[in-house]
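The values are calculated or read from the model by the stated rules, or taken from the named source; none is laboratory data. Remember, it's a predicted structure, so these values are computed and weren't measured experimentally. Quick reminder, even Gly has a Cβ in these numbers, built from the backbone with ideal geometry, and neighbours come from all protein chains shown. Accessible surface areas use protein heavy atoms only, side chains included; no ligands, DNA or RNA. Shrake-Rupley method; radii C 1.70, N 1.55, O 1.52, S 1.80 Å.
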Amino acid sequence: MQKIRWGILSTGNIAEQFARGLAVLDDAELVAVGSRSQESADRFGDTFNVPHRHATYEDLASDPDVDVIYVGTPHPFHAENTLLCLRAGKAVLCEKPFAMNAAEAEAMIGEARARGLFLMEAMWTRFLPHIVKLRELLAQGAIGEVQMMTGNFGFRTEFDPKSRMFAPELGGGGLLDVGIYPISLASMLFGAPQSVVSQVRLGSTGVDEQAAAIFRYASGAMASVAFATRTELVSEAWIYGTTGRIHVRPPWWGPSTITLYQNGQPEQQIAPEQVGNGYNYEAAEVAACLRAGKLESDVISLDETLAIMRTMDTIRAEWGLRYPGE
């Protein structure tokens with residue numbers, strides 16, 4: 001089987017994690033890296049034995065030996081970098097959050113569809129073994145009709161006005177960094193919400209430091225999510241159905257295990273086997289789609305990614321939070 005040839009756009013920590021994930025896949029080959037300097041590209045290339053080291057993103061996008069590019073730059077550059085790669089004819093896996101807002105996401109999706117190119121949001125959680133098992137259990141009706149979900153993701157970071165986490169122009173705050181995880185989980189379970197109610201605490205730099213939201217769906221189902229960058233939360237998720245419940249243990253958004261509670265039955269601990277650091281699973285999904293000639297994933301479609309961005313726009317509108325340049 002011919003290997004899928006990957007390029008990585010960025011040399012930061014998330015790019016390194018993705019490169020390590022790729023290394024466990026037999027049908028993937030990391031052939032190129034793009035940075036904003038030759039020194040950074042060479043350093044990354046030396047670490048991961050990458051043959052093509054590009055000092056510009058433009059050179060990476062035009063590399064004829066690359067089939068698909070992983071975009072791992074900071075949030076505000078996702079749209080620009082993804083559009084660059086698409087216009088160069090490359091398939092793209094773009095790190096979450098997919099964009100800063102729905103308008104950017106629409107432009108990215110429109111470009112991919114117009115050019116007939118594959119594009120996917122890198123929401124790695126969707127493809128981890130325990131979340132795959134969760135979907136299987138729900139599809140089998142293991143807890144009956146799903147009625148409610150709660151999901152949290154929060155950590156405590158010390159205040160630093162120079163940090164990206166506190167910079168509005170870089171999409172700082174909790175929503176785009178950690179809020180997207182429980183919001184995406186709710187989307188996986190219920191789709192787009194019919195109504196959204198949210199509360200926030202904005203910090204001195206104007207970014208959201210902690211927040212919570214409640215979603216209601218046309219079916220009557222509900223989801224509540226909480227996220228924070230200045231408050232340590234128990235990062236767990238619960239899914240409640242008519243005949244049972246499922247607990248996704250902390251940290252639910254990364255490699256984890258689940259506990260199934262069915263009414264009148266002993267609890268079941270479920271710990272699916274995992275290989276690699278977890279990033280390999282989203283890369284494997286991209287490879288499977290490319291080999292099948294698909295332009296998007298059935299697990300997280302482009303329409304769903306856009307709907308999630310719209311939900312986050314709605315939440316920010318309730319807060320009165322706009323990012324610079326919007």
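I need the shape label for the range 57-182. Rule: rounded when a/c is under 1.5, else prolate if a/b > b/c, else oblate, with a, b, c from the alpha carbon gyration tensor.
Since a/c reaches 1.5 but b/c is at least a/b, the shape of the range 57-182 is classed as oblate.
Looking at the square roots a ≥ b ≥ c of the eigenvalues of the Cα gyration tensor of the range 132-201, which shape do they give, rounded for a/c under 1.5, prolate if a/b is larger than b/c, or oblate? Intermediate results must be reported in sequence, preceding the final value.
Details: a/c = 3.15, a/b = 2.36, b/c = 1.33.
Verdict is prolate for the range 132-201.
Measure off, as a whole percent, the carbon and sulfur share of the 1.4 Å-probe accessible area of the range 1-117, all protein chains present. Could you put the intermediate results ahead of the total?
Details: 2170 of 4810 Å².
Roughly 45 percent, rounded to a whole number.
Residues of the chain: accessible area per residue at 1.4 Å, in Å²?
41 Å²
Out of the DSSP beta bridges found with both residues in the chain, what percent are antiparallel (nearest 5)?
Numbers: 33 of 61 bridges.
Of the beta bridges lying entirely in the chain, close to 55 percent run antiparallel.
By its C-alpha gyration tensor, with a ≥ b ≥ c as the square roots of the eigenvalues, how is the range 176-326 shaped: rounded for a/c under 1.5, else prolate for a/b larger than b/c, else oblate?
Cα axes put the range 176-326 in the oblate bin.
Let me check against my output: what whole-number percent is the relative contact order of the range 209-254, with C-alpha pairs under 8 Å and at least 6 apart?
28 percent
How far, in nm, would the chain grow between THR47 and LEU202 when pulled straight, counting 0.36 nm per residue and subtracting the alpha carbon separation?
Details: separation 155, 0.36 × 155 = 55.80 nm, distance 3.94 nm.
So the extension gain works out to 51.9 nm.
What are the lysines whose alpha-carbon lies under 30 Å from the alpha-carbon of LYS3, with same-chain residues fewer than 8 places away excluded?
Straight-distance partners of LYS3: LYS90, LYS96, LYS133, LYS294.
Considering amide H positions built from the backbone, and no H for Pro or chain starts, which residues 5 or more places from THR11, or on another chain, come under 5 Å of its amide H?
It is none; the list stays empty.
Based on DSSP H runs of at least 4 residues, each adding -39500 (n - 2.57), what is the mean residue ellipticity at 222 nm of the chain after dividing by all its residues, to the nearest 500 deg cm²/dmol?
Working: 9 runs with 104 residues, N = 326.
It lands at -10000 deg cm²/dmol.
How high is the relative contact order of the chain, in percent, counting Cα pairs under 8 Å that sit 6 or more residues apart? Intermediate values should be presented prior to the final figure.
Working: 698 pairs, mean separation 60.6, N = 326.
Result for the chain is 19 percent.
Name the residues whose placed amide hydrogens come within less than 5 Å of the amide hydrogen of LEU30, ignoring near sequence neighbours (fewer than 5 apart) on the same chain.
HN-HN under 5 Å from LEU30: TRP6.
Restricting attention to the range 176-258, which GluC sites (Glu not before Pro) occupy a DSSP loop and are surrounded by at most 13 other Cβ atoms within 10 Å?
GLU232
Give a quick list of trypsin sites (Lys or Arg not before Pro) in the range 282-326 that DSSP marks as loop, anything other than H, G, I, E or B, with at most 15 other Cβ atoms within 10 Å.
Numbers: sites: ARG291, LYS294, ARG310, ARG316, ARG322; in loops: LYS294, ARG322.
Qualifying residues, ordered by number: LYS294, ARG322.
In whole Å, how far is the Cα centre of the range 73-93 from that of the range 285-326?
Result: 14 Å between the Cα centres.
Starting at the first residue of the range 169-179, write each ³J(HN,Hα) from the Karplus equation 6.51 cos²θ - 1.76 cosθ + 1.60 with θ = phi - 60°, in whole Hz, x for Gly and Pro.
5, 10, x, x, x, x, 4, 6, 7, 10, x
In terms of modelled amide H atoms, which long-range or inter-chain residues lie less than 5 Å from the amide H of ALA167?
Long-range HN contacts for ALA167: GLY172, GLY173.
Picking from GLN210, GLN147, GLN265, which is most flexible by a Gaussian network model of the chain using Cα springs under 10 Å?
The residue that fluctuates most here is GLN265.
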